[in-house]
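Data first, discussion second: the structure below is written as structure tokens.
The values are calculated or read from the model by the stated rules, or taken from the named source; none is laboratory data. What you see is a predicted model, and the numbers here were worked out from it, not measured in a lab. Because the Cβ atoms are built from the backbone with ideal geometry, glycine has one as well, and the counts that use them run over all protein chains shown. Heavy atoms of the whole protein, side chains included, go into the accessibility calculation; ligands, DNA and RNA do not. Shrake-Rupley method; radii C 1.70, N 1.55, O 1.52, S 1.80 Å.
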Amino acid sequence: MEKEKYMMLAYKEAEKAFEEDEVPIGCVIVRNDKVIARAHNRKVRKDCAVFHAEIECIRKACKKLDNWNLKGCDIYVTLEPCLMCTGALINSRIDKIYFGCRDPKGGALVSNLNIYNVKNINHYPEIEEGLMKTECSQILKDFFKTKR
């Protein structure tokens, strides 16, 4: 199925992050059944808190389309986006957010904040969770085992 294919590409980005000693989160943005951007976490390498996979991917997609508005695009991300990334996804008008596993500490789509319960947001993307949930969760567990 197409959704799993795109999540596998996001997972491959998470693997790159793991290899770079970054928290293994990856994502891709798809438009018209074509990947237009891919990215992974680079906070450590860039020494800056905003270099999350989603932010990097949004930036690349906007550059590719020469437009801030990503209507017609979907994002596939291995971990539920944080509050910063959720805000960026809303503001970029992403149509649908697919994510692998929930983030009980920082997730801001459904775990700690349900965006559908927040009134008057200018855009409410669709959300689908659980694609490659086991793999997306396991790579994070494996990474943090190396840190303890």
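The alpha-carbon atoms of the chain, seen along their principal axes, cover 42, 35, 32 angstrom, with the largest extent given first. Rounded to the nearest 20 debye, the dipole magnitude of the stretch 1-146 is 360 debye, with +1 charges on Lys and Arg beta carbons, -1 on Asp and Glu beta carbons, and the Cα centre as origin. Residues Lys60, Lys145, ordered by accessible area of protein heavy atoms at a 1.4 angstrom probe radius and largest first, appear as Lys145, Lys60.
Where does the stretch 1-47 land on Rg(C-alpha)/(2.2 N^0.38 Å)?
The reported ratio for this selection is 1.19.
Working out 0.36 nm times the residue gap between Lys63 and Thr146, then minus their Cα-Cα distance, what length gain in nm do you get to one decimal?
Values: separation 83, 0.36 × 83 = 29.88 nm, distance 3.53 nm.
So the chain would gain 26.4 nm between Lys63 and Thr146.
Here the Karplus relation 6.51 cos²θ - 1.76 cosθ + 1.60, evaluated at θ = phi - 60°, turns the backbone of the stretch 78-86 into coupling constants of 6, 10, 3, x, 6, 4, 4, 5, 4 Hz, with x for every Gly and Pro.
Along the axis of the charge dipole computed for the chain (Cβ charges of +1 for Lys and Arg, -1 for Asp and Glu, origin at the Cα centre), the listed residues Asn32, Phe143, Ile121 are led at the positive end by Ile121. In the stretch 1-84, Rg over Rh equals 0.96, where Rg is the alpha-carbon radius of gyration and Rh the Kirkwood radius from pairwise Cα distances. Only one residue of Leu65, Ile55, Met7 has its Cα farthest out toward the positive end of the dipole of the stretch 5-110, where Lys and Arg carry +1 and Asp and Glu -1 on Cβ, and that residue is Leu65. Positive contributions from Lys and Arg (+1) and negative ones from Asp and Glu (-1), summed over other residues with Cβ under 14 Å from the Cβ of Phe144, come out at +1.
Helix 133-147 and the long axis of the chain differ in direction by around 50°, with both axes built from C-alpha atoms.
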